[in-house]
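Before I ask anything, here is the structure I am working with.
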Amino acid sequence: EVKQEQGNLSINSENLFPIIKKWLYSDHDIFFRELISNGCDAVTKVQKLEMMGEYQLQEGEKFRVDVIVNPEEKTLKFIDNGIGMTADEVKEYITQIAFSGATDFLEKYKDKTNEDQIIGHFGLGFYSAFMVADKVTIDTLSYQEGAEPVYWECDGDSEYSMSKGNRTTRGTEITLYLNDESYEFSNEYRAREVITKYCSFMPVEIYLSKEGGEQEYQTIEKDELRDDDVIAETIVEDEKTEEKENENGEKETVVVSPRKERYKINKRPSLMNDIHPLWTKHPNDCTDEEYKEFYRSVFHDYKEPLFWIHLNMDYPFNLKGILYFPKINMEYESIEGTIKLYNNQVFIADNIKEVIPEFLMLLKGVIDCPDLPLNVSRSALQNDGFVKKISDYITKKVADKLSGMCKTERESYEKYWDDINPFIKFGCIKDDKFNEKMKDYIIYKDLDGKYISLDEYLEAAKDKHENQVFYVTDELQQSQYINMFKEQGLNAVILKNPIDQPFISRLEEAMKDKNVKFRRIDTDLADVFKETASEDDKKVLEEDQTKLTDIFKKALGVEALDVKVEKLKNADTSAMITLSEDMRRMQDMMKMYGMSQ
Ligand code: ADP
Ligand code: MG
């Protein structure tokens, strides 16, 4: 039997507690995650004991975690039917800060089970409750035979009290008496929001309900009634009949609709999570429709993703996840994706740049990595070699998918190219390994709308303009030049995305030894269109040159001006003025930095 007992939380310094309370986690709402994940762990432990033959479950037992908000009393309850705790365990695991029962459990049964699915291991999570609560109580009953229920109470100082508890069934009930600044969490909608954020895919069913205030109801059909429903009212719809005349002209009573019973019941707790998220399944068992549905439900994006990659890796580390290539609408939205990181189906955070390469942030997806050395702080991830390996693995998988597609599903690759090329080019600029893997799979749309490689383009243009790649950035504005090119049987490629400028620069740098240069279709054309002038022509050209130099000097008010006049091949175009590519790039840059109008 547990006697009334008092003691001190065993921490080295009393100063530690307030620090933990305030600074352990920057997001105050995270206590939901910690307390619910403790409930899940407690359930997982019972399941493991059962599997090892150490414990017998009751017929039809259903595991669950319940969160009950009470906005009137400003309390929150977290109830699970997991393993529970004995008085000794409460003393050991709860009162010793930074002492984890998860580690202990795994140590004890290390020959019979593994750490799969167990979330906790720092022994700090429970204390996040004190970030929002003035007082926390635990009422718990261990699974062990003959165990006594235990009640524990702590008001947030480093003192606690323990006595005999009230629980009659296996499991744990934790009650938080919220402090003045944290009342919001006893609001059902706020609680729903936070649970959805952190717990949508936790491995045990989580239910949210409300106590106190006005009772809410829902109506169900008779055959939907469950054992745990509380019937408030039985709604009876009487049998409906009609008088009808039969074939013999006699009046007859016919039943139109039978007597119906429905129930008005107390509003049921709502199920908050999906315990088998799609990424935990084997890729072979998932349908396209499931992938799309999962995408819609997680990212609330009504546009269908283009395609996706299902990551599924056991060795040398555990990693599962789904990465989606979203349809990007460059004109209306910035291209910014979301990658949600999970540890054993527990949400950690969005877009952790230490784990996920920056350029992959344009994608949308989920990544679950139970091996992630997830410390209490993010900065600990920064210089971790293992984290780097994860990030490299993800990069490799994405490059493999894309290059594989280019090789074996060229048609789809071309179809998606407009949408995915900014992402690929961004990746090539940002990540050398990605560039190494993708550089042979960059394709270019030419003037006929065909997709070709850079080598193919250069080969075809070899005799006309060696090592020069002409490109179009605006098909409408540059249509005159496009026509000229077509008339002369010349080709150009379309590069109209903002990412193309830095990408071109990178390519030129990489092909420096071959001296390959990109030129916008309206620049540096003289070489391409120049006609070898006859002696007569030359005279005319010289005269023109002198006249034009004068005109331009006057018009521009510049003395030092060099005007060159060349004879053009194209008869349809009487004259054109071109700017050199380098000058134009410089102007573009100045415009970008707001240095010219
Ligand atoms: P961690 O989960 O990292 O081990 P916590 O501070 O969250 O650390 O919890 C400390 C320990 O308290 C757990 O390891 C577990 O043994 C025990 N514990 C906490 N909550 C529960 C619960 N709901 N049911 C049973 N044991 C619990
Ligand atoms: Mg925990």
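Starting from the Cα-Cα distance between residue 219 and residue 389, subtract it from 0.36 nm times their residue separation and give me the gain in nm to one decimal.
55.9 nm
Using a Förster distance of 60 angstrom, determine the FRET efficiency expected from the C-beta separation of residue 564 and residue 104, and round it to 0.05.
Efficiency at R0 = 60 Å is approximately 0.10.
Compute the long axis of helix 581-592 from its Cα atoms, compare it with the longest principal axis of the Cα atoms of the chain, and write down the angle in degrees, 0 to 90, nearest 10.
40
Cross-link partners among aspartates and glutamates for residue 281, C-alpha distance below 17 Å, same-chain residues fewer than 8 apart left out?
Qualifying aspartates and glutamates at Cα under 17 Å: 116, 289, 290, 293, 314, 368.
Let's test the formula: R0 of 56 Å, r as the Cβ-Cβ distance of residue 268 and residue 409. What FRET efficiency results, to the nearest 0.05?
Between residue 268 and residue 409 the formula returns 0.75.
Something else about it: Would you mind computing, in nm to one decimal, how far apart the modelled labels at residue 237 and residue 189 are, each placed 7 Å from Cα along Cα→Cβ?
Distance between label points: 3.2 nm.
What residues from the range 287-325 fall in the zone where the backbone N is under 20 Å from a label point 7 Å along the Cα-to-C-beta line of residue 371?
Residues 310-323 fall inside that zone.
Suppose R0 equals 35 Å. What FRET efficiency, 1/(1 + (r/R0)^6) with r the Cβ-Cβ distance, do residue 56 and residue 293 give to the nearest 0.05?
0.40
Expressed as a rounded percentage, what relative contact order does the chain have, with Cα pairs under 8 Å and six or more residues apart?
Relative CO of the chain lands at 9 percent.
Every read-out reported here was derived from the displayed coordinates using simple, explicitly stated rules and does not represent laboratory data. All of these numbers come straight from a predicted model, not from anything done at the bench. Using ideal geometry, Cβ is built from the backbone for each residue, glycine included, and neighbour counts are taken over all protein chains shown.
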